[in-house]
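Just below is one structure, and these are the notes that go with it.
All of the numbers you see were taken from the coordinates with simple rules; none came from a lab. What you are looking at is a predicted structure, and each value in this text was computed from that prediction instead of being measured. Cβ coordinates were reconstructed from backbone atoms using ideal geometry, including for glycine residues, and neighbour counts include every protein chain displayed.
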Amino acid sequence: MLYLSEVLMEGHAMESFKELCKTVSEKGKAGEMFFRIDVKPPFTDTPDNWEEQLEAAFTSI
């Protein structure tokens, strides 16, 4: 299971929500089966519908 908090801790170089979406998408394509959103991303460009966008990034293949 992929946790958003783990992605954020591993990705110290990420500076934007767009970069986070790209990373989540890559993890989904790498074979992760489940994605758990357990924290809110700390980026200033995080949109209001951030949860939906992360879910979409994870499931898009």
Net charge dipole size for the stretch 10-61 [Lys, Arg +1 and Asp, Glu -1 on Cβ; Debye, nearest 20]:
160
So what is the 222 nm mean residue ellipticity for the chain from helices alone, if each DSSP H run of at least 4 adds -39500 (n - 2.57) and you divide by all residues, rounding to the nearest 500 deg cm²/dmol?
-14500 deg cm²/dmol
For 45, 38, what's the fewest-to-most ordering of other Cβ within 10 Å of each Cβ?
38, 45
Which of [x] 17.5, 57; [y] 10.3, 29; [z] 13.7, 44 is the computed Rg and Dmax of the Cα atoms in Å? It is [y]
Given Cβ charges of +1 for Lys and Arg and -1 for Asp and Glu, the option among 30, 14, 50 whose Cα lies farthest towards the positive end of the dipole of the chain is 30
List 14, 33 from most exposed to least, where exposure is judged by having the fewest other Cβ atoms within 10 Å.
33, 14
Not counting the cut sites, what is the longest span of the chain without GluC sites (Glu not before Pro) that DSSP labels loop and that have at most 15 other Cβ atoms within 10 Å?
33-61
